[in-house]
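**Student:** One structure, as structure tokens, below. Some questions next.
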Amino acid sequence: MNSLGSIFSFVSKDAVSKIQIMENYLKGESGERYRSLQSMIEYELSGNLVDLTQRSGHPDSGCRTLLRLHRALRWLQLFLEKLRISSEDSKTSTLCSEAYNDSLANYHPWIIRKTASVAFLALPVRNKFFEVMNVGTPEEVVDMLGEALPYVSKVYDFTEEQYSQHNLLNLP
Ligand SMILES: CCCCCCCCCCCCC/C=C/[C@@H](O)[C@H](COP(=O)(O)O)NC(=O)CCCCCCCCCCCCCCC
């Protein structure tokens, strides 16, 4: 993200700060409870550590923080799949904004959606973008995506199932 330029820093900052929140839980005194998704959910729900209707006493619970990253993973999954099947003249910005509109955008207010749509226009063309990914030739990038995406789906589907079972998909 950082090698794509400063316009993307507002996106990476938010992702990094949310990852930091999760790492701090893992390093904290209840770290053991944060070793798996199931034990985190069980621990936070049974200890009333999750704001269920509005953000108040526990604005940065592990459950709500991970939910934001989970929604972002859906964007990443859609975007990488579009990249994988794209042709050489496909526009990265279009692929990226279609993926965004079908996922994260549904949870973002107008001002963020607008800023994101401007940022997407600054994405480099497909082959330049592949270079930035630093994986190898375009063919090698496509192969790598084909290998990686099933794992992304597995993580996404598992998390979705856990959150759905506990009715946590709309945490504020
Ligand atoms: C490579 C192109 C990158 C384009 C990134 C597309 C995602 C656009 C998202 C715009 C997010 C704007 C930042 C602010 C978000 C927050 O308001 C919002 C809500 O948080 P809150 O409930 O705590 O208030 N946060 C979120 O929804 C979480 C967003 C996290 C974005 C993570 C993006 C991860 C990027 C991973 C990049 C990997 C690139 C790989 C390329 C091969």
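Read-outs: derived from the displayed coordinates by stated rules, not from any lab. Since we're looking at a predicted model, the values are computed, not measured. Glycine gets a Cβ as well: all are built from the backbone with ideal geometry, and neighbour counts include every protein chain shown.
**Student:** Roughly how many debye, to the nearest 20, is the charge dipole of the range 1-134 about its Cα centre, given +1 on each Lys and Arg Cβ, -1 on each Asp and Glu Cβ, and no other charges?
**Tutor:** On the way: 17 positive and 14 negative charges, 57 e Å.
Rounded to the nearest 20 debye, it is 280 debye.
**Student:** Report the rotationally averaged projected area of the range 1-48 based on its alpha-carbon convex hull, in square nanometres.
**Tutor:** It is 4.2 nm².
**Student:** Something else about it: Just how far, in whole angstrom, is the range 67-98 from the range 112-169 if you go by their alpha carbon centroids?
**Tutor:** Cα centres, the range 112-169 to the range 67-98: 5 Å.
**Student:** I've got another one for you. Beyond 14 Å, what share of the Cα-Cα pairs of the range 1-88 is found? Please give it as a whole percent.
**Tutor:** Numbers: 2760 of 3828 pairs.
Considering the range 1-88, 72 percent of its Cα-Cα pairs are separated by more than 14 Å.
**Student:** Can you compute the modelled spin-label distance between L76 and E32, with each label point 7 Å from Cα toward Cβ, in nm?
**Tutor:** 2.9
**Student:** How big is D, in µm² s⁻¹, for the range 44-118 by Stokes-Einstein at 25 °C and 0.890 mPa s if Rh is the Kirkwood radius over C-alpha pairs?
**Tutor:** D = 173 µm²/s.
**Student:** Rounded to the nearest angstrom and ordered from largest down, what semi-axes does the equivalent ellipsoid of the range 84-151 get from its C-alpha gyration tensor (root of 5λ)?
**Tutor:** Working from the Cα gyration tensor, I get semi-axes of 25, 14, 9 Å.
**Student:** Using Cα pairs under 8 angstrom and six or more residues apart, how large is the relative contact order of the chain, in percent?
**Tutor:** Values: 146 pairs, mean separation 44.0, N = 172.
So the answer I get is 26 percent.
**Student:** More than 30 angstrom separation, counting every C-alpha pair in the chain; what % is that?
**Tutor:** 24
**Student:** In whole Hz and in residue order, list the ³J(HN,Hα) couplings for the range 34-40 that follow from phi through the Karplus curve 6.51 cos²θ - 1.76 cosθ + 1.60, θ = phi - 60°; x for Gly and Pro.
**Tutor:** Here the 3J(HN,Hα) series is 9, 7, 9, 4, 4, 6, 4 Hz.
**Student:** Tell me, what HN-Hα J-couplings in whole Hz come from the Karplus equation 6.51 cos²θ - 1.76 cosθ + 1.60 at θ = phi - 60° for each residue of the range 12-27, using x for Gly and Pro?
**Tutor:** Whole-Hz 3J(HN,Hα) from phi for the range 12-27: 5, 4, 5, 4, 5, 5, 6, 5, 4, 4, 5, 5, 5, 4, 5, 7.
**Student:** Here's a follow-up. Give the average over all directions of the projected area of the C-alpha convex hull of the range 127-168, one decimal, in nm².
**Tutor:** So the mean shadow area of the Cα hull is 3.6 nm².
**Student:** Could you give the length gained on full extension between A148 and N106, defined as 0.36 nm per residue of separation minus the Cα-Cα distance, in nm?
**Tutor:** The A148-N106 span can extend by a further 12.6 nm.
**Student:** Given the chain, what count of lysine pairs have C-alpha atoms under 28 Å apart, with each pair 8 or more places apart or on different chains?
**Tutor:** Taking the chain as the scope, the lysine pair count is 19.
**Student:** While we're looking at this one, here's another question. When the helices in the chain are scored as -39500 (n - 2.57) per DSSP H run of 4 or longer and the sum is shared across all residues, what 222 nm value do you end up with, to the nearest 500 deg cm²/dmol?
**Tutor:** Value at 222 nm, helices only: -21000 deg cm²/dmol.
**Student:** Against the longest principal axis of the chain, how steep is helix 138-165, in degrees 0 to 90 to the nearest 10, with axes from Cα atoms?
**Tutor:** 20
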